[in-house]
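Below is one structure, written out as structure tokens; comments come after it.
The values are calculated or read from the model by the stated rules, or taken from the named source; none is laboratory data. What you see is a predicted model, and the numbers here were worked out from it, not measured in a lab. FYI the Cβ positions are ideal-geometry reconstructions off the backbone, even for glycines, and counts take in every protein chain you see.
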Amino acid sequence: MASSKLLDRVAQKYKSKGISLTEKRQKILAVLLNAKQALSAYDIVDAYKEEFNQSIPAMSVYRILDFLMEIDLVHKLESVNQFLVCEHAACEHEHAKAQFLICDDCHSVQEISVDKSVFNTLSNSVANSGFSLRPLQLELHGTCLACSEN
Ligand SMILES: [Zn+2]
Ligand SMILES: [Zn+2]
Ligand SMILES: [Zn+2]
């Protein structure tokens with residue numbers, strides 16, 4: 001799907017929830033969608049300038065990303081400090097806890113959902129050691145199908 005069409009649908013969806021995606025927010029989303037891979041905040045600053053011929057301060061990028069993450073429209077990959085648009089951005093269903101498969105060769109990222117029981121088992125065994133866990137997000141590194149076929 002072309003990113004502008006997807007963006008329209010996303011903006012429409014959030015509008016109906018009373019959340020407005022301002023022009024800057026939509027531009028950040030467009031940058032991420034066009035990138036086809038996760039980007040760091042500084043990659044976004046650079047790509048933004050290139051795509052829109054406009055500079056945006058890193059602070060604003062972080063602020064917008066925080067907002068977009070809060071509404072589950074953008075996810076952060078903690079292990080690589082990069083951001084990507086949710087694969088369910090335009091979906092109407094409830095967002096499950098996101099998990100990611102990260103290809104270390106081509107850096108593509110796939111968002112998957114993992115059965116709740118996996119997390120329950122994990123957090124139970126962690127709880128037994130008295131350690132308190134931050135909300136779980138799995139980031140599994142490896143090789144994607146396309147790369148492993150090469
Ligand atoms: Zn998501
Ligand atoms: Zn979906
Ligand atoms: Zn790959």
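Values computed for the structure shown
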{"read-out": "Flag if residue 88 is over 16 Å from residue 38 (Cα atoms), in contact with an Asp or Glu (Cβ under 8 Å, 6 or more places away or on another chain) and not hydrophobic (A, V, I, L, M, F, W, C)", "value": "no"}
{"read-out": "Test: residue in region 43-60 that is on the phi > 0 side of the Ramachandran plot and either exposed (fewer than 11 other Cβ atoms within 10 Å of the Cβ) or of a type outside the set (D, E, K, R) (or both)", "value": "yes"}
{"read-out": "Single condition residue 105 does not satisfy, out of (1) of a type in the set (D, E, K, R); (2) without any contact (Cβ under 8 Å) to a residue 24 or more places away in the chain; (3) not assigned by TED's automatic domain parsing to the domain that holds residue 27", "value": "(2)"}
{"read-out": "Test for residue 136: is it of a type outside the set (Lys, Arg), within 16 Å of ligand 1 (Cβ to nearest atom), in contact with a helix residue (DSSP H, G or I) (Cβ under 6 Å, 6 or more places away or on another chain) and not assigned by TED's automatic domain parsing to the domain that holds residue 28", "value": "yes"}
{"read-out": "Selection within region 59-111 - within 12 Å of ligand 2 (Cβ to nearest atom) and closer than 19 Å to residue 11 by Cβ", "value": "72, 86, 87, 88, 89, 90, 91, 92, 93, 95"}
{"read-out": "Residue identified as within 16 Å of ligand 3 (Cβ to nearest atom) and either on the phi < 0 side of the Ramachandran plot or exposed (fewer than 11 other Cβ atoms within 10 Å of the Cβ) (or both) among 103, 91", "value": "103"}
{"read-out": "Residues (out of contact with any strand residue (DSSP E or B) (no Cβ under 7 Å at 6 or more places or on another chain), small (Gly, Ala, Ser) and either at pLDDT below 95 or not in a helix (DSSP H, G or I) (or both)) located in region 12-44", "value": "16, 18, 20, 35"}
